[in-house]
Structures are given as C-alpha cells and as structure tokens.
C-alpha cells in the first residue's frame, strides 16, 4: 500500500511551460499509460512553504519515470489526491535549476475551474509514495 505524504501549497500562475509539456504527444501517451488518465492540457502550480520537507522526501523516491523524446529532460510523477477527492499526479521535471519549492499538478480536469481556485489559495494534496 502506498505511503501517503500530506502537502500544502499555494496556487500561483506559471509561465505556461507545464501546459506545453503536458500537450506533447510522447508525454501525453506516457501519462495515459503510466497514470491511467489523459491530463488536462495545463498544470496547477503550487508553491510550497520554505520549511516544507516535501521536496526532499520526493527526491528520495523513484516515482513514475517519464522518458523524454530527444532534446527534452526526463521527469518523475507521483500519484496524488487533490483536495480530498480528485485523482491526479505531480510532475517533477528533472531540468537544471528547477525550483525545489514548486510542484506541478496534473489531472484529467482543469483543477482551477473544478475547485474554483485563484492565485494565493491554499491546496492540500496527498502524495501516494509507491
């Protein structure tokens, strides 16, 4: 049974890079095969508090590997439960200088709309460490 890790973060607007990545055919195919859903074409960006240990804990787990096409970096995913009920995943790109206190959440639905979220809102996710 997966070990749960409770994480709280604040919603913020990103630069649209997550949406670009999620829509790539090779990434979309792997999300469907490995996570069991086709994600909405965008990510929900969460900023973790500086004192959060979540990034360190996630770095220690292998996660679900997303193998890149040539010219892209790999990424790791972790299944999550968002706000107590919605299934999704964290995508952690393994790019140089990627901020440690940022989590990008994908789901089959637009999470901002589904949960009526705005920048600054706090969201709780449960990460399932498999």
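Just so it is clear, none of the values below were taken in a lab; they were calculated from the coordinates. Because the structure is a prediction, the values reported are computed rather than measured. With ideal geometry, Cβ positions are generated from the backbone for all residues, glycine too; neighbour counts draw on all protein chains shown.
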Of every Cα-Cα pair in the chain, the percentage lying beyond 21 Å is 34 percent
Ordering 11-18, 108-115 by per-residue average of other C-beta atoms within 10 angstrom, highest first, gives 108-115, 11-18
Taking the chain and counting helices only, DSSP H stretches of n ≥ 4 at -39,500 (n - 2.57) each over all residues, the nearest-500 ellipticity at 222 nm comes to -5500 deg cm²/dmol
Given 83-94, 62-73, 20-31, the highest-first ranking by average Cβ count within 10 Å works out to 83-94, 20-31, 62-73
For the chain the mean separation of alpha carbon contacts under 8 Å (6+ apart) over residue count, i.e. relative contact order in percent, is 37 percent
